[in-house]
Amino acid sequence: MLRRPFRPDPAAGPRRRLLMVLGVVFATAALAGCAPPPQAASSAGGTLRVAAATDSGETLDPYASNQSPTQELRSALLYEGLTHLDPTGKVEWRLATEMTPNALRDEWTIKLRPGVKFTDGSEFTSADVVASIKYLRDPAHAAQGLAFIERVDPDAVTAVDKSTVRVGLSKPFAPFKEIWANVLLPMTKAGSAPAKPIGTGPFAVESFTAGRQSTLERFDGYWGEKPKLDTVDIIEFPSQQAQANALLSDQVDVASGATPTIAKSLAGKNGIQVLDSKGNFTLRIGFNTTVAPFGDVRVRQALRLLIDRDQVVANALGGYGRAANDHEGGTPHCGDPGIAQRKQDTEQARKLLAEAGQPNLSFAITTDGLLPGMQELAQVFAENAAKAGVKVTVNVPTVPEFLSKWTQWPVFIDFNPIPYLPTVIGSLLPGRVGNATHWDNADFVRLSEELFVAPEQQQCSIMNRMHRIEHEQGATITPAFVNVLLPHRGNVRGLVPDVNGRPLTFLTNVTVTA
């Protein structure tokens, strides 16, 4: 899966991109009903001041290949896709109202929502959808969402009429509806990207200074339920502690990033509350299977048996999480895949390491510490490994250094906030920029091809078989699901938790009182 921000480096190979907590995103749920009807604008919502991470390289281009969490937050308020994920993870219609396949599912006809306008007042039509898809599909643009629409044939995307688009595919693809809920696949006005992109979102740009601040104002011509807020100010800070300090001193209303320790320290002070989004966000330890001895499944299984998942939840996550089982999540509608929960077993781990000829294994685990819990997870793992005589050191390079060597680190910490289908496409199949473990399993690849053409009622069975392969032969330790915490002042009302950890993309009913 594509996730993590990166800066293009001609000397470096393919590396991960971000699909961050803000919305990234497929779902395998059925499409929900149409969006609510437009409502009259309100002028009583006030201004929401959001503290975010500094990103001096950010742009307004929603297709950029170097998006940070801050850029994705802003993009989610300015631009929209053909479909969208609600806070429960279900797909709902957005700029499209219908998608119909042919019998082979290698051609889809999209009906567009009438009466939609761009924030410059112009009409949204099929010509804009065709232009957006062709732009995304062109490898020369290095659009971050390209990996998710590789089956789209750019020469077979046509406007049938003003409100209808036909999209041909190189191969059949059943979850076509779900793919367009990805925040990296927005629609923009034809010809406006990348220099001055124009979207159809509920907010428009009033001012923007890269690395410092963005001010977004409510778009009163928005087709859907209009936000109550007048403006959203996104103010950038160099660290999570700086965000916390700004919240305490009333410089901002929300801190978009907070470790469990910071969140606990803020709760109750100066009326500060913490929104807790429980979902499928995970931190994982990845093993590069091209680097010895991590190509040996016995070594990977031994290391999975060393970690104490309850300690990870209690210590690294401050209790804000739940144990995971070394396979990706993101399929709650499928239920439990029926795989026994892996427990810490130091003696069995020693045995497997001895069989693999690695009784005195020593290595470094690398993390940039970009997100809450990353360094803490590395430290817990090092402590657990030491009990079996495995020496693990923790390497914390700068973010640019870490990302410049993405796909090269022998052992590293990564994250995944998104549902299962995009995870498979972006990081679990060979050759993907998100696959920094270089894991390549023929049985898994075969099942993924079945998944991409299976009708909805058969998808869960296939996914659960794929989960079992991940659990038995995969290249990551996935010890826990992580809650996403959002400290905010008590006068901020209407925030809702989100299963994908992106509550700040749902601002329709949010208000800030004096």
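General remarks:
- Hull shadow area, averaged, the stretch 282-482 [alpha-carbon convex hull, nm²]: 10.5 nm²
- Estimated FRET transfer efficiency when R0 is 22 angstrom, pair Lys171-Glu98 (beta carbons, to 0.05): 0.45
- Phe203 long-range amide H proximity, modeled H, under 5 Å: Phe219
- Phi to ³J(HN,Hα) by Karplus 6.51 cos²θ - 1.76 cosθ + 1.60 over the stretch 302-309, Hz, x for Gly, Pro: 4, 5, 5, 6, 7, 7, 9, 5
- Under 5 Å between amide hydrogens, built in the peptide plane, is the criterion, and for Ala156 it picks out Gly168 among residues at least 5 positions away or on other chains.
- For the stretch 324-400, average projected area of the Cα convex hull in nm²: 7.0 nm²
- Under a model in which nothing but the beta-carbon of Lys, Arg (+1) and Asp, Glu (-1) is charged, the chain shows a dipole of about 480 debye around its Cα centre.
- Simple spin-label estimate for Asp250 and Gln273 gives 1.9 nm between the two label positions (7 Å along the Cα-to-Cβ direction from each Cα).
- The angle separating the long axis of helix 69-78 from the principal Cα axis of greatest extent in the chain is about 30 degrees.
- A cut-off of 5 Å between modelled amide H atoms, ignoring neighbours fewer than 5 places along the same chain, links Lys117 with Phe124, Trp223.
- Dipole-positive endmost among Ile110, Gln67, Asn435 within the chain (Cβ charges, Cα centre): Asn435
- Environment charge of Lys111, counting only residues whose C-beta is closer than 14 Å and scoring Lys/Arg +1, Asp/Glu -1: +3
- Residue by residue, the stretch 374-382 carries 3J(HN,Hα) couplings of 5, 5, 5, 4, 4, 5, 4, 4, 4 Hz when phi is fed to the Karplus relation 6.51 cos²θ - 1.76 cosθ + 1.60 (θ = phi - 60°); x denotes Gly or Pro.
- Normalised contact order of the chain, rounded percent, pairs of Cα under 8 Å and 6 or more residues apart: 24 percent
- Efficiency of FRET from Cβ geometry, Ala156 and Thr290, R₀ 45 Å, rounded to 0.05: 0.80
- Cβ-placed point charges (K, R +1; D, E -1), dipole of the stretch 80-193 about Cα centre in debye, nearest 20: 100 debye
- For the stretch 80-193: relative contact order, % (alpha-carbon pairs under 8 angstrom, 6 or more apart): 33 percent
- Set of lysines with alpha-carbon distance to Lys226 below 29 Å, sequence-local pairs under 8 removed: Lys90, Lys111, Lys117, Lys162, Lys177, Lys189, Lys196, Lys278
- Degrees, to the nearest 10: 346-355 long Cα axis against longest axis of the chain: 80 degrees
- Recomputing volume of the Cα convex hull per residue in Å³ from the coordinates shown identifies the correct label among [x] 140; [y] 130; [z] 168 as [y].
- A Förster radius of 35 Å combined with the Cβ-Cβ distance from Asp443 to Lys387 puts the calculated FRET efficiency at roughly 0.60.
- ³J(HN,Hα) computed for each position of the stretch 129-142 - Karplus, 6.51 cos²θ - 1.76 cosθ + 1.60, integer Hz, glycine/proline x: 5, 4, 4, 5, 5, 5, 5, 4, 7, 7, x, 5, 8, 6
- Remark: relative contact order (the stretch 429-507) = 20 percent; criterion is Cα-Cα distance under 8 angstrom and separation of 6 or more residues.
- Placing dummy labels 7 Å off each Cα toward the beta-carbon, the span from Val453 to Ala142 is 3.5 nm.
- For the stretch 259-327, size of Cβ-based charge dipole, Lys and Arg +1, Asp and Glu -1, in debye: 80 debye
- Each residue, Glu123 and Lys351, gets one label point 7 Å from its Cα in the Cβ direction; the gap between the two is 7.2 nm.
- Selection from Val453, Leu266, Tyr222 lying farthest towards where the dipole of the chain points positive, charges on Cβ: Leu266
- Estimated 222 nm signal from helices in the chain, with DSSP H stretches of n ≥ 4 weighted -39500 (n - 2.57), rounded to 500: -6500 deg cm²/dmol
Rule-based calculations on the coordinates, nothing more; no lab input. Just so it is clear, the structure is predicted and the values come from calculations on it, not from any experiment. Cβ atoms come from the backbone with ideal geometry, glycine included; neighbour counts cover every protein chain shown.
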